[in-house]
Amino acid sequence: MATVLLVRHGRTTANATGLLAGRTPGVHLDDLGRDQAALTGKRIAAVPVARVVTSPLERCAETARAIVEQQSDAPPSSVDPELTECGYGQWQGRQLSDLATEELWRIVQSQPSAVVFPGGESMAGMQARSVAAIRRHDAAVEAEQGPGAVWVAVSHGDIIKSVLADALGMHLDLFQRLEVGPASVSIVSYGASRPRVWATNTDCGDLSWLAKDIPSGDAAVGGGAGTPATGSRTPRIST
């Protein structure tokens with residue numbers, strides 16, 4: 001089974017000002033976001049990456065570039081529109097503080113599976129197309145590079161949360177329990193029986209263990225002996 005590193009883009013000017021950027025063009029990483037992306041690139045540099053796939057929006061492309069630049073052999077890169085931000089419709093470009101006063105905000109928090117953004121996309125549709133895209137790329141990487149291959153998908157907070165919810169077997173209505181911070185790395189392997197979620201929302205920690213053989217097959221009863229790492233590999237979970 002291949003392994004995907006789900007990377008959220010670094011912080012943007014919109015994130016810093018509480019604006020829901022959505023698919024607005026021209027939203028770039030700010031100074032902190034560029035530093036975050038560079039740090040994520042350094043973390044992933046210890047792992048030979050087979051492929052980098054990114055959302056078409058600038059903030060993701062800039063984050064993906066920071067990752068590719070720090071690989072010893074630049075992996076092939078591509079853009080997939082199916083990994084783009086949720087279509088927030090009429091919510092796009094508005095302040096989160098204003099949106100929080102609307103009735104739909106409460107439903108987004110408690111029952112996202114029922115949400116259709118006015119003039120935009122449903123959250124269920126967002127999850128369906130993003131999960132399908134991740135699984136499609138993962139199968140292609142494994143077919144081309146073998147079951148030990150590691151690849152990177154650079155996308156957006158709600159997209160990654162919905163992919164993680166699917167991998168964890170969570171209903172979409174529970175996905176707001178997950179947190180995915182700027183430039184964070186979450187790790188999923190898709191197997192014949194089920195996905196395995198190795199980490200979520202990490203912003204530091206050694207990733208070199210991913211360059212070794214990742215256990216496949218059935219889950220070990222009792223938890224097993226862990227991955228064949230050198231030193232501490234346990235990343236800190238962002239809060």
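Considering only DSSP beta bridges where both residues belong to the chain, give the percentage that are antiparallel (nearest 5).
55
Rounded to the nearest whole Å², what accessible area per residue is found for the chain with the 1.4 Å probe?
45
Less than 15 Å Cβ to Cβ from Leu164, Lys/Arg counted +1 and Asp/Glu -1: what total charge do the surrounding residues give?
+1
Compute the acute angle (0 to 90°) between the alpha-carbon long axis of helix 31-44 and the principal axis of greatest extent of the alpha-carbon atoms of the chain; round to the nearest 10°.
Compared with the principal axis, the helix lies near 20 degrees.
Around Ser184, which amide H atoms from residues at least 5 apart in sequence, or from another chain, sit under 5 Å from its own amide H, with H modelled in the peptide plane?
Hits under the 5 Å cutoff: Arg8.
What fraction, in whole percent, of alpha-carbon pairs in the chain exceed 27 Å separation?
31
How large is the Kirkwood hydrodynamic radius of region 92-193, in angstrom, based on all distinct alpha carbon pairs?
Roughly 15.1 Å, rounded to one decimal.
Round to a whole number: what % of the accessible area of the chain belongs to carbon and sulfur, probe 1.4 Å?
Result for the chain: 52 percent of the exposed heavy-atom area is carbon or sulfur.
When the chain is fully extended, how far beyond the present Cα-Cα distance does Arg135 get from Gln95, taking 0.36 nm per residue of separation?
11.1 nm
For the chain, what does the relative contact order come out to in percent, with C-alpha contacts under 8 Å and a separation of six or more?
27 percent.
Across all directions of projection, what mean area in square nanometres is found for the Cα convex hull of region 20-124?
Spelled out: convex hull of the Cα atoms, projected over all directions, averaged, 7.8 nm².
Starting from the Cα gyration tensor of region 143-207, multiply each eigenvalue by 5, take the square root, and state the resulting semi-axes largest first in whole Å.
Listed largest to smallest, the semi-axes of region 143-207 are 20, 16, 10 Å.
What's the center-to-center distance, using Cα atoms, between region 98-120 and region 13-29 in Å?
Distance between centres, Cα-based: 19 Å.
Looking only at trypsin sites (Lys or Arg not before Pro) in DSSP loops with at most 16 other Cβ atoms within 10 Å, what is the longest site-free stretch of the chain?
Looking at the chain, 95-211 is the longest stretch - no exposed trypsin sites (Lys or Arg not before Pro) with at most 16 other Cβ atoms within 10 Å.
Can you tell me the length gained on complete extension of the stretch Thr17 to Ala143, counting 0.36 nm per residue apart and subtracting the Cα distance?
Value of the extension gain: 41.1 nm.
Work out how much length Glu179 to Arg194 would gain on full extension: take 0.36 nm times their residue separation and subtract the Cα-Cα distance, in nm to one decimal.
3.2 nm
What is the spread of the Cα atoms of region 29-71 along each of their three principal axes, largest first, in whole Å?
Sorted largest first, the three principal extents are 27, 21, 10 Å.
Using alpha carbons only, how many degrees (0 to 90, rounded to 10) separate the axis of helix 123-145 from the longest principal axis of the chain?
Helix 123-145 sits roughly 20 degrees off the main axis of the chain.
The values are calculated or read from the model by the stated rules, or taken from the named source; none is laboratory data. As the structure is a computational prediction, the values presented were derived from the model and not from experiment. No Cβ is skipped: glycine too gets one built from the backbone with ideal geometry, and neighbour counts run over all protein chains shown. Please note that ligands, DNA and RNA were not included when accessible areas were found on the heavy atoms of the full protein model with its side chains. Shrake-Rupley method; radii C 1.70, N 1.55, O 1.52, S 1.80 Å.
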